[in-house]
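The values are calculated or read from the model by the stated rules, or taken from the named source; none is laboratory data. Here the structure is a predicted model, which means the values were calculated and not measured. Virtual Cβ from ideal backbone geometry, glycine too; neighbours counted across all protein chains shown.
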Amino acid sequence: MPEPMPPEPYPSGGSRVPEDGAIAATGMGGAMDLATSEGETLEEPPVGPDGTGRPERARSLWSDAWRDLRRNPVFIISGLVILFLVFVSLWPSAIASGSPLKCDLAKAQEGSQPGAPFGYDGQGCNVYTRTVYGARTSVTVGVLATLGVALFGSVLGGLAGFFGGVWDSVLSRITDIFFAIPVVLGGLVLLSVVTSNTVWPVIGFMVLLGWPQISRIARGSVITAKQNDYVQAARALGASNSRMLLRHITPNAVAPVIVVATIALGTYISLEATLSYLGVGLKPPTVSWGIDISAASPYIRNAPHALLWPSGALALTVLAFIMLGDAVRDALDPKLR
Amino acid sequence: MGRYVIRRLLQMIPVFIGATLLIFLMVNVMGDPIAGLCGDRQCDPATAAQLEKEFGLDKPVWQQYLTYMGNVFTGDFGTAFNGQPVTELMASAFPVTIRLTIVAIIFEIVIGITLGVITGLRRGSPVDSGVLLVTLVVISVPTFVTGLLLQLLLGVQWGWIKPSVSSDATFGELIVPGLVLASVSLAYVTRLTRTSIAENKRSDYVRTAIAKGLPRRRVVTRHLLRNSLIPVVTFIGTDIGALMGGAIVTERIFNIHGVGFQLYQGILRQNTQTVVGFVTVLVLVFLVANLLVDLLYAVLDPRIRYA
Amino acid sequence: MLLEVRDLHVEFRTRDGVAKAVNGVTYGVDAGETLAVLGESGSGKSVTAQAVMGILDIPPGRITGGEILFQDRDLLTLKEDERRKIRGAEMAMIFQDALSSLNPVLTVGDQLGEMFVVHRGMSRKDARARAVELMDRVRIPAAKERVRQYPHQFSGGMRQRIMIAMAMALEPKLIIADEPTTALDVTVQAQVMELLAELQRELHMGLILITHDLGVVADVADRIAVMYAGRIVESAPVHDIYKAPAHPYTRGLLDSIPRLDQKGQELYAIKGLPPNLMHIPPGCAFHPRCPMAQDVCRTDEPPLYEVDEERGSACHFWRECLHG
């Protein structure tokens, strides 16, 4: 693009006009903020160089993004890591023999040796086996929580953005309330009395406190999509509400939700581990990296390996999802083209 | 401006009520409010009934909430599990957490903004890619892992710091915990500053400033930074509330007796009054910080007009 | 000559390839003269101006050849610091969109005064006084009060006056105005253009007026350079071009102006689209859109033929064009 682009009235980076009445939200804690704000840069869907939007634009946006992604090493590497994680979650026995629950106190805190490349933890459990089996829990919690949040949040936010009016204001106030509660704190309060040792209470909690984030993104992108000329035209031509939502708005509003959800998936895995570390998340005998890290922290002087391997696996998993989300965002963000 | 502040204050009320009510309900519905009051033992039924009456627990939840809030506004936050008034716990805990938050914010400002400006000005350079990768790693590693690792390395292996913080919790002792608390936000401030700088660098008014023949330094400090830092400053402002509420993990790792520590104790012992009291104050801090940030906009960006 | 651009080449390296934005542009302007540079967007007219000012984004932009002589000094060989001192003081630029070109968080007084503080070493107080004088000069009412206001508090026309005041501040010898009236209401356009022309006469400055609007050009320009795909395709005194264009592209531009005496007829439009700068057609870049194109146009790139002493045309068939 040799000629300078037609100037926009004020570059968006320099001006963040507070949304009317909305309370800026960061109560969810650092990692979740990232997802929110990275998503916000996407809220304005791409506009063609001539300033007009067309329905087929959505399709070309996706195919352009896909072309970019295939050439992006970050996307390929994080994608491969995620595929590997999914594989390990489905068939952990393919790369680790033995049961993660079989522990031998006699071997407690022993270092790396044949059959146990990562050594043994304080209870004499095989760290390698436990790390491999821990992937299943993390991926399950991450994926299910993200699906729940994305579905619940985008339906509520999308409908509120589309119809506006009283329900929109009510929903905005409700999201404000949820944003005002620090997420780890909420988890401690809600989950401290749960005795179930399944993953469901943790997933339920994440959906409960996570939906406002997606709902806000979905609301914003639906409102922006709604204002596009071609949507206004469709309305003027008498298109029904459901047709407008499904055919014209959803395809254009879905990109930011997908990006934020991908990044959020990583943060949910991180959050599960944090809650498990604090003793209110998952409970033994569930195998979880967070539980193992928590259990290993008292032995940190003598057996740091029991802490480092699950921490490394956890960090790599979260990193893979965040990088994937980042790569997708870059590919979908027309401002960077 | 005055009318705007009043409107915002009025809007804060439902959020405040909603958030505290939500926590109040969670604590009451999920837990047993008197469980912690007989020490570690189970209360016998007679004592339990008497305690329930004393604390008004036999009344409906909404009435309990109203009574509680009524007391809060007269400065009575109730009694903690060890018989101490909650306000006394607050008086000892909040200064510690506020110091910790100040350290964290200073890290965000000094390191985050500096790195963000450097990478934003040199977008695409090796420095940029390196810093960007580091920020992603920092964001990906959960805070409790960062904390444990720093404690292991600096405290245990190298002996640079004491692994746990004394009850004084001086600024010097809080440097490493503050860095841990700040880590994720720090990475985020870096990325936000970088994006903002890179975007504004291509703006028309920066081009005008160059065309005016201003020295590069002046273009960057007076024109580019002024505009680019508006979203960063506001992020840091709203982060204050999040940091104070998110200090639980950091305070647990380094054994800091701040707000997070007291909350954690309160939750473990199911002490309603401690938990609800602290959360109420945290929600207030969060709301006030957000209000101040919104007002700060008007100072930083003259285009914003509050009608 | 005050300014002479000779055989300038600029390209942009992007992810998708190299875009050749300017391909051998040569033009000049004298003190007191107005040169209008005409062309569609993407013709390289703005890029050339940015290269002259030294505000090209490098990278992705790159000057790959040519000279820019300003008062007989080649600007491209100067050090950045020397060029900086010329920018703003000796040559200044007026941009299209004053709203986005002015810094939103500084008062107009600060932005005007900055010229005096930086280039003349004045105190902020003196600079503020000069800013008020400048605003008076471009006829902004109540300058003394409005000097403390921010750009968004002014109307479009007033903002463009502030841009002009900023450019005039140090009485430069050359002004480059890049589509100065495009973003304005038609009623305001004339006033702003008039102000610009008046100040130019007063200060005897050279003016390069970049525009795609032939209507504006006719009133104020002395000479016209028409650009297409990064090249000058026709260069001539203004009245000659209106009388008889010597290039089919210029003819196309003139024919596409709506005229009152041809009411009811279909408006002429040049067929096709401007070329992709990454794949400029071989031969004459205009041949795919040219009604007069012959085989030779597809293979041989036309040089700038001398039509007469003051006039050049980059068309193999300029004679036919001139007389047809």
For B:Val288, indicate whether it is more than 18 Å from A:Gly187 (Cα to Cα), under 19 Å from the mean Cα position of the chain (by Cα) and either within 9 Å of chain A (Cβ to nearest Cβ) or at pLDDT 85 or above (or both).
-> yes
Pick out the one residue from C:Arg139, C:Arg120, C:Arg161 that is surrounded by fewer than 19 Cβ atoms within 10 Å (Cβ to Cβ) and either under 30 Å from C:Ser43 (Cβ atoms) or under 25 Å from the mean Cα position of the chain (by Cα) (or both).
-> C:Arg139
Residues (under 30 Å from A:Ser93 (Cα atoms) and of a type in the set (A, V, I, L, M, F, W, C)) located in region A:125-172 = A:Cys125, A:Val127, A:Val132, A:Ala135, A:Val139, A:Val141, A:Val143, A:Leu144, A:Ala145, A:Leu147
Would you say C:Leu69 is of a type outside the set (Val, Ile, Thr) and not in a loop (DSSP other than H, G, I, E, B)?
-> yes
Pull up region C:142-158, narrow it to residues that are crowded, with 18+ Cβ neighbours inside 10 Å and not aromatic (Phe, Trp, Tyr), then point me to the one that is nearest to the other protein chains (Cβ to nearest Cβ).
-> C:Pro151
Could you tell me whether C:Leu112 is buried (at least 18 other Cβ atoms within 10 Å of the Cβ), in contact with a Gly (Cβ under 7 Å, 6 or more places away or on another chain) and more than 9 Å from every other protein chain (Cβ to nearest Cβ)?
-> no
Checked against (1) of a type in the set (A, V, I, L, M, F, W, C); (2) farther than 27 Å from C:Glu40 by Cα; (3) not in a loop (DSSP other than H, G, I, E, B), C:Met163 satisfies every condition except (2)
State yes or no: is C:Gln96 at the interface with chain B (Cβ under 10 Å from one of its Cβ atoms), buried (at least 22 other Cβ atoms within 10 Å of the Cβ) and not in a helix (DSSP H, G or I)?
-> yes
Determine whether region A:256-265 contains at least one residue that is touching a residue at least 24 places away in the same chain (Cβ under 8 Å), at the interface with chain B (Cβ under 10 Å from one of its Cβ atoms) and outside any helix (DSSP H, G or I).
-> no
Single residue of region A:192-208 satisfying the filter (aliphatic (A, V, I, L, M) and surrounded by fewer than 24 Cβ atoms within 10 Å (Cβ to Cβ)) that is nearest to the other protein chains (Cβ to nearest Cβ) = A:Val193
Cross-chain or 6+ apart pairs with Cβ under 9 Å, region B:40-53 first and surrounded by 14 or more Cβ atoms within 10 Å (Cβ to Cβ), then among the charged types (D, E, K, R) and at pLDDT below 70 | B:Ala49/B:Asp58; B:Glu52/B:Asp58
Does C:Asp7 satisfy being in contact with a strand residue (DSSP E or B) (Cβ under 9 Å, 6 or more places away or on another chain), without any contact (Cβ under 8 Å) to a residue 12 or more places away in the chain and either assigned by TED's automatic domain parsing to the domain that holds C:Lys173 or farther than 22 Å from C:Leu203 by Cβ (or both)?
-> no
Among the residues of region A:125-135, is there at least one that is surrounded by fewer than 21 Cβ atoms within 10 Å (Cβ to Cβ) and either in contact with a helix residue (DSSP H, G or I) (Cβ under 7 Å, 6 or more places away or on another chain) or farther than 25 Å from A:Ala273 by Cβ (or both)?
-> no
Test: residue in region B:170-188 that is over 30 Å from A:Ile77 (Cβ atoms), within 23 Å of the chain's Cα centre (by Cα) and aromatic (Phe, Trp, Tyr) | yes
Failed condition for C:Ala246, given (1) under 24 Å from C:Thr34 (Cβ atoms); (2) part of a helix (DSSP H, G or I), with all others met?
-> (2)
Looking only at region C:51-110, count how many residues are of a type in the set (Val, Ile, Thr), more than 19 Å from the chain's Cα centre (by Cα) and more than 30 Å from C:Gln149 (Cα to Cα).
-> 3
Of all helices (runs of 4 or more DSSP H) fully inside region B:86-205, the set with 3 or more residues that are within 9 Å of chain A (Cβ to nearest Cβ) and in contact with a Gly (Cβ under 6 Å, 6 or more places away or on another chain) is B:175-201
Looking only at region C:108-123, count how many residues are in contact with a Phe, Trp or Tyr (Cβ under 8 Å, 6 or more places away or on another chain) and at pLDDT 90 or above.
-> 1
Would you call B:Gly124 farther than 20 Å from A:Met323 by Cβ and free of Cβ contacts under 8 Å to residues at least 40 places away in the same chain?
-> no
